[in-house]
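> Got a structure here, written out as structure tokens. Questions coming.
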Amino acid sequence: MITAAVAAISAGGGLAVDTESDWYRGLQLPSWQPPGAAFGPVWTALYILLARSAYLAWRDLAGARRRPVLGLYVLNGMLNLAWTVLFFRAHNPVLAGIEILLLLGTILALIVLMRPVSRQASWALVPYALWVAFAAALTWAIAAAN
């Protein structure tokens, strides 16, 4: 179930990305943006780590804490997908920039919430947080230049 949910988020995001549109091609992109070919492998690794972390949360959390933490993983997945739609389909880097800060907030909250339950689940989210922080800086750089 968790793997299927993360795969659906990945597939949905992949379908929403459109780097061939006139809008995207017309953007002023920062010189420090990674090449397009880097995004697929990075996101694949991050989604594997995210799925592992969510599985450990599901396995190790019990009682009243389980539902809100798993709900935060669901919210995180929705926000992850929403960024792609806001940026590539709505062509709105400012709104995507605001939204990605919410996404980063959910990741940081999950890291903190999972640390006492499963250090492995918590640490699995650190690369995701670092990448999303980088993506937030990239998003805001694009918004500022355009």
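> How much of the accessible area of the chain, in percent, comes from carbon and sulfur atoms when a 1.4 Å probe is used?
Values: 5440 of 7850 Å².
Of all accessible area on the chain, carbon and sulfur atoms account for 69 percent.
> Follow-up. Pick the calculated mean projected area of the Cα convex hull in nm² for this structure from [x] 8.2; [y] 11.2; [z] 9.8?
[x]
> Per residue of region 19-31, in order, report the coupling 6.51 cos²θ - 1.76 cosθ + 1.60 (Karplus, θ = phi - 60°) as ³J(HN,Hα) in whole Hz, putting x for Gly and Pro.
Residue by residue, region 19-31 yields 8, 9, 5, 4, 4, 5, 5, x, 6, 7, 9, x, 5 Hz.
> How high is the relative contact order of the chain, given as a whole-number percent (alpha carbon pairs under 8 Å, six or more residues apart)?
Reported as a whole number, the value is 32 percent.
> Kindly provide the helix-only [θ] at 222 nm of the chain, computed as the sum of -39,500 (n - 2.57) over DSSP H runs of four or more divided by all residues, to the nearest 500 deg cm²/dmol?
Computed ellipticity for the chain at 222 nm equals -25000 deg cm²/dmol.
> Going by a ≥ b ≥ c, the root eigenvalues of the Cα gyration tensor, does region 34-84 fall in the rounded group (a/c under 1.5), the prolate group (a/b larger than b/c) or the oblate group? Walk me through the numbers before you get to the answer.
Values: a/c = 5.91, a/b = 2.05, b/c = 2.89.
It is oblate, given that a/c is not under 1.5 and a/b is not larger than b/c.
> A follow-up question, please. By how many degrees, 0 to 90 and rounded to 10, does the Cα axis of helix 66-84 deviate from the longest principal axis of the chain?
Taking the Cα atoms of the chain, the angle to 66-84 is about 10 degrees.
> Could you calculate the FRET efficiency of Asn146 with Arg115 from 1/(1 + (r/R0)^6), where r is the beta carbon distance between them and R0 is 41 Å, rounded to 0.05?
Calculated value: 0.60.
> Further question on the same structure: What is the gain in length, in nm to one decimal, between Leu101 and Ala137 on full extension, counting 0.36 nm per residue of separation less the C-alpha to C-alpha distance?
Residue separation times 0.36 nm, minus the Cα-Cα distance, leaves 12.0 nm.
The values are calculated or read from the model by the stated rules, or taken from the named source; none is laboratory data. Predicted, not measured: the structure shown is a model, and the values here were computed from it. Virtual Cβ from ideal backbone geometry, glycine too; neighbours counted across all protein chains shown. Heavy atoms of the whole protein, side chains included, go into the accessibility calculation; ligands, DNA and RNA do not. Shrake-Rupley method; radii C 1.70, N 1.55, O 1.52, S 1.80 Å.
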